[in-house]
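The values are calculated or read from the model by the stated rules, or taken from the named source; none is laboratory data. Please read all numbers here as calculations on a predicted model, not as lab measurements. Methodologically, a virtual Cβ is constructed for each residue, glycine included, from the backbone with ideal geometry; neighbour enumeration extends over all protein chains shown. Calculation scope for accessible area: heavy atoms of the full protein, side chains included, ligands and nucleic acids excluded. Shrake-Rupley method; radii C 1.70, N 1.55, O 1.52, S 1.80 Å.
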There are 2 protein chains.
Amino acid sequence: MGKTFDSEIKKLRNNIDSIDRQILELISQRLDQVRQVVALKKIHNVPVYHPAREEDLISKLRNQASTAAVNPDFIEEIYRVVLRNSRIEQTGQMKQQAVKAGANVLIVGGAGQMGQFFAAMFRSSGYTVRILTENNWNEVETLCRDTDLVLISVPINVTLKTIQRITPFVPPTAVLADITSIKQAPVDEMIKYFKGPIIGLHPLFGPSCSTLDKQIIAVVPGRDNPACQWLVDQLTLWGAILVSSTAEEHDEIMGMVQALRHFAAFCFGQFLCQQKIDLEKTLEFSSPIYRLELGMVGRLFAQSGNLYSEIIFATPQRRDMLKAYVSSVNEQITLVDNNDKALFEQRFSKIADWFGSFSEQAMRESDFIINKIIERF
Amino acid sequence: MGKTFDSEIKKLRNNIDSIDRQILELISQRLDQVRQVVALKKIHNVPVYHPAREEDLISKLRNQASTAAVNPDFIEEIYRVVLRNSRIEQTGQMKQQAVKAGANVLIVGGAGQMGQFFAAMFRSSGYTVRILTENNWNEVETLCRDTDLVLISVPINVTLKTIQRITPFVPPTAVLADITSIKQAPVDEMIKYFKGPIIGLHPLFGPSCSTLDKQIIAVVPGRDNPACQWLVDQLTLWGAILVSSTAEEHDEIMGMVQALRHFAAFCFGQFLCQQKIDLEKTLEFSSPIYRLELGMVGRLFAQSGNLYSEIIFATPQRRDMLKAYVSSVNEQITLVDNNDKALFEQRFSKIADWFGSFSEQAMRESDFIINKIIERF
């Protein structure tokens, strides 16, 4: 290889990058023109989306492609994407139906990411959304007045304190709800300090997702379910899947679903960092499934360390469970220490029996995913 | 409506058409640059497709998009199409063609799954494929006669023995290759016992996949690369991505890519089984990403315990690395033991810095995957 190769490759890549910048610039110009067309059509009440015009355009481009020695299917594929996206641009986000149209929603901690997410959802359905943060706490009384829902969306470590502070101002007819990732303590606290309808929620997704479609929300009933039903219906209408349980059951399962998983990922990342492994090189050698698993670890560290410490350190039971996990890991490493393959394989098949049909299913599901990754590249 | 509307629309549409012509022109220029990169890489035997480079490019374009007020997802969608098509452009032509038409290929262990996979690939390109197993070992001399390639595809624990047994019969002009998941010991052994061309391979995929397209194969040169080039070209022609390294580098990286990952998954499964957690209930509460992670663990136990013990226990270095991992896990659990959130978050951000831009990228990639899972259910 050597210099010439590197410099020639570099030159070509620079050309490609500058071509890409020009393409991007043109696409943004195109979107701008499309917006003008839409505006004009709106004024004259002409239907915005024009299938015939799109097909015209595609066939014209296919012809131009052939003459430019570019595969017409390739160009069509690109323009299907372009046209679909400008259509989305045109039709805009249609307002979603509201179960309790015009109701007042107060989001406590509405400046946080999850708070903003729910604020946007409620607004998009025509609710009146109010935001309460430390900065406007002096207006708490006004903000709570004839509100229909108070949604507590604050960091886990200030949830209980916030419940105590807000409840005196919440109308007894309003629904009091929280979205903390543990449920026992917050729900108990809400029941203790508030006499009206109560429901505990735990959205099992991050604020990065664009919709609630098929997202899971854990639900822990607190008091007066009928009065809370409209909120449940609204979340369902937005496409969320609501799974109900007791607070205790929820917290125990989440220990596994969140704390253990995050702790294990943290340890993995810590070790990679400590060993100073060459990430780039490792990725070059990565099968799609490892790329994905490394991604699972990597994505943890794209997020807030505080968020994860709150989840991992949430409760004493949780910390005990993590300690139990590590002592079991220490049991397993003795197999490696003694180079005892036989015992490893013995334990392996015992675990395989326990997983039962799930492992087959997991194999199928992850194969599907792996193919999706391969397709993507 | 009337004239003004018609003429204004016409003007805007002409603008869009001319923008589209420019985009098309740039795409054809881009393909041309890509062809030059490919040609250059072919000359220097550099793998054509580079996932890392593509992800860099996407990240860069997403940033440029945001500053140009274009939806980054839109641009990413377009460029996934562009990149996939330039790759098809690169590898597409005549996959089945044989680089060394009619050559004789002997697969040692050809009854095994990987052996069968490669037997089928070579046959599909018109090679004469012979299979050597324990059952026809008595014919070893005949089978080795004027063979052009001897591909050793046996379990890792009998690889060295097999190399010693077969080499006396291999013509010095034939290429000797193996597909073991470790490379140091097998390549050393081949060099020691065979005087002809040698190349070590490690396919980073299972026999379940249908083609070699975009599958990664690690390559460790042994001796006389020019004589081995036809095999490298054949694998590339089948669509595989060949990544070259020293045996030492390969084994070190695979310790991370395979052994550590499998050991961690084993420990996770062991703990879930030991705690007798309710899998069904846990899955009900599972966000797509946890469902996927649990699936990653589950799929391990759908496969052979022996396969994994061979990978985990492969070498002393590997076992030491795993012990280092567990002691680092023990360091981390003291944080939980001392309920020391502050130190946890301190370490967390140190790791986040180390991961750098990869974690953002991992976030995006896994979000994409998560959406695929959601679409599916």
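Leaving ligands, DNA and RNA out of it, report the carbon-plus-sulfur percent of the accessible area of the stretch A:132-199 at a 1.4 Å probe. It would help to have the intermediate numbers written out before the result.
Numbers: 1570 of 2920 Å².
Ligands and nucleic acids excluded, carbon and sulfur reach 54 percent.
Regarding the stretch A:197-259, what whole-number volume in Å³ per residue does the convex hull of its Cα atoms give? Present the calculation step by step, with values, prior to reporting the outcome.
Values: hull volume 5.0 nm³, N = 63.
That works out to 79 Å³ per residue.
For the stretch A:164-300, what are Rg and Dmax over the alpha carbons, in angstrom?
Answer for the stretch A:164-300, Rg first and Dmax second: 19.6, 60 Å.
Which of the aspartates and glutamates could be linked to B:Lys281 by a straight reach, that is with a Cα gap under 20 Å, when you skip same-chain ones fewer than 8 residues away?
Once the sequence-local aspartates and glutamates are set aside, what remains near B:Lys281 is A:Glu248, A:Glu249, A:Asp251, A:Glu252, A:Asp353, A:Glu360, A:Glu365, B:Glu293.
Need one number: convex hull volume per residue for chain B, Cα atoms only, in Å³.
Numbers: hull volume 80.3 nm³, N = 377.
Dividing the Cα hull volume of chain B by its residue count gives 213 Å³.
Just to be sure I understand: if you take the accessible area of chain A alone plus chain B alone and subtract the pair, with a 1.4 Å probe, what total do you get in Å², rounded to 100?
Working: alone 24390 and 23350 Å², together 31720 Å².
Using a 1.4 Å probe on protein heavy atoms, the buried area is about 16000 Å².
Given H placed on each backbone N at 1.01 Å, which residues far from A:Ala218 in sequence or on other chains put an amide H within less than 5 Å of it?
HN-HN under 5 Å from A:Ala218: A:His202, A:Leu204, A:Val243.
Out of every Cα pair in the protein assembly as shown, what percent are spaced more than 35 Å from each other?
The share of Cα pairs beyond 35 Å in the protein assembly as shown comes to 56 percent.
Given R₀ = 25 Å, what would the calculated FRET efficiency be for B:Phe5 paired with A:Arg35, taking r from the Cβ atoms and rounding to 0.05?
0.95
Starting from the Cα coordinates of the stretch A:314-367, work out the convex hull volume and express it per residue in Å³.
On the way: hull volume 6.7 nm³, N = 54.
Spelled out: Cα convex hull of the stretch A:314-367, divided by residues, is 125 Å³.
In peptide A:75-81, what is the residue-averaged number of other protein chain Cβ atoms found within 10 Å of each Cβ? Don't jump to the answer; show the numbers that get you there.
Values: counts 7, 0, 5, 9, 5, 1, 8.
Across the residues of A:75-81, the mean count of other-chain Cβ atoms within 10 Å is 5.
Can you work out the base-10 log of I(q)/I(0) for the stretch A:108-177 at q = 0.16, 0.17, 0.18 1/Å, using the Debye formula on its C-alpha atoms alone?
Rounded to two decimals, the profile gives -0.51, -0.58, -0.65.
Which aspartates and glutamates have a Cα less than 17 Å from the Cα of B:Lys195, not counting those fewer than 8 places away in the same chain?
Leaving aside aspartates and glutamates fewer than 8 places away in the same chain, those within reach of B:Lys195 are B:Asp146, B:Asp148, B:Asp178, B:Asp224.
What residues qualify as long-range amide H neighbours of A:Ile131, i.e. H under 5 Å apart, gap of 5 or more or another chain, H built at 1.01 Å from N?
Answer set, sorted by chain and number: A:Ile107.
Counting pairs of alpha carbon atoms under 8 Å apart in space and at least six apart in sequence, what relative contact order in percent does the stretch B:2-92 give?
Working: 25 pairs, mean separation 20.7, N = 91.
Computed over the stretch B:2-92, the figure is 23 percent.
Count neighbours as other Cβ atoms within 10 Å of each site's Cβ, and list the GluC sites (Glu not before Pro) in the stretch A:241-333 that are DSSP loop with at most 14 such neighbours. Don't skip to the end; give the middle numbers.
Details: sites: A:Glu248, A:Glu249, A:Glu252, A:Glu280, A:Glu284, A:Glu293, A:Glu310, A:Glu331; in loops: none.
Within the stretch A:241-333, no GluC sites (Glu not before Pro) qualify (loop, at most 14 other Cβ atoms within 10 Å).
With unit charges on the beta carbons (Lys and Arg positive, Asp and Glu negative) and the dipole taken about the Cα centre of chain A, which residue among A:Ser28, A:Asn85, A:Ile289 sits farthest to the positive side?
It is A:Ser28, whose Cα lies furthest towards the positive end.
Could you work out how far apart the two model spin labels at A:Asn338 and A:Asn306 are, taking each label as a point 7 Å from the Cα in the direction of the beta carbon, and quote it in nm?
Each label point is offset 7 Å from its Cα along the Cβ direction, giving 4.7 nm.
Once each part is reduced to its C-alpha centroid, what is the distance from the stretch B:176-197 to the stretch A:303-337 in angstrom?
Going from one Cα centre to the other spans 42 Å.
Along Cα-to-Cβ, 7 Å out, sits the label point; list in nm, shortest first, how far the one on A:Pro207 is from those in the other copies.
5.1
Treating the beta-carbon of each Lys and Arg as +1 and of each Asp and Glu as -1, no other charges, what is the dipole magnitude of chain B about its Cα centre, to the nearest 20 debye?
Numbers: 41 positive and 43 negative charges, 137 e Å.
Using only the charged Cβ atoms, the result is roughly 660 debye.
With charges only on Cβ, +1 for K and R and -1 for D and E, what is the dipole size of the stretch B:2-92 about its Cα centre, in debye, rounded to 20?
Details: 15 positive and 13 negative charges, 46 e Å.
It works out to roughly 220 debye.
Which value in nm describes the separation of the simple spin-label points at B:Asn138 and A:Arg13, placed 7 Å from the Cα toward the beta carbon?
Using points 7 Å along Cα→Cβ, the separation is 5.9 nm.
Where the convex hull is taken over the Cα atoms of the stretch B:232-349, what is its projected area averaged over directions, in nm²? Display every interim value, and only then the final one.
On the way: hull surface 45.0 nm².
Over all viewing directions, the stretch B:232-349 projects a mean Cα-hull area of 11.2 nm².
Among A:336-343, B:23-30, how do they line up from the highest to the lowest mean number of other beta-carbon atoms within 10 Å? Display every interim value, and only then the final one.
On the way: A:336-343: 13.9, B:23-30: 19.2.
The densest-packed peptide leads the list: B:23-30, A:336-343.
Principal axis extents for the stretch A:104-245, Cα atoms only, whole Å, descending order, please.
37, 28, 28
B:Val175's amide H: which non-local residues (gap 5+, or another chain) put their own amide H closer than 5 Å, with H modeled 1.01 Å from N in plane and none for Pro or chain starts?
Hits under the 5 Å cutoff: B:Leu149, B:Val150.
Using +1 at the C-beta of Lys and Arg and -1 at the C-beta of Asp and Glu, which of A:Ser309, A:Gly109, A:Phe205 has the Cα lying farthest in the positive direction of the dipole of chain A?
The residue sitting most towards the positive pole is A:Gly109.
Relative contact order for the stretch A:250-376: what is it in percent, counting Cα pairs under 8 Å that are at least 6 residues apart? Let's see the in-between values first.
Details: 36 pairs, mean separation 42.4, N = 127.
Dividing the mean separation by the residue count of the stretch A:250-376 yields 33 percent.
Step through the table entries B:Lys42/B:Lys183; A:Lys323/B:Lys323; A:Lys3/B:Lys41; A:Lys323/B:Lys276; A:Lys100/A:Lys192; B:Lys214/B:Lys323, compare each Cα-Cα distance with 23 Å, and write down the pairs that go over it. Present the calculation step by step, with values, prior to reporting the outcome.
On the way: B:Lys42/B:Lys183 25 Å; A:Lys323/B:Lys323 18 Å; A:Lys3/B:Lys41 14 Å; A:Lys323/B:Lys276 17 Å; A:Lys100/A:Lys192 27 Å; B:Lys214/B:Lys323 34 Å.
From the list (B:Lys42/B:Lys183; A:Lys323/B:Lys323; A:Lys3/B:Lys41; A:Lys323/B:Lys276; A:Lys100/A:Lys192; B:Lys214/B:Lys323), the Cα-Cα distance tops 23 Å for B:Lys42/B:Lys183; A:Lys100/A:Lys192; B:Lys214/B:Lys323.
Sequence neighbours fewer than 8 away in the same chain don't count; with that in mind, list the lysines whose C-alpha is under 19 Å from B:Lys60.
A:Lys10, A:Lys11
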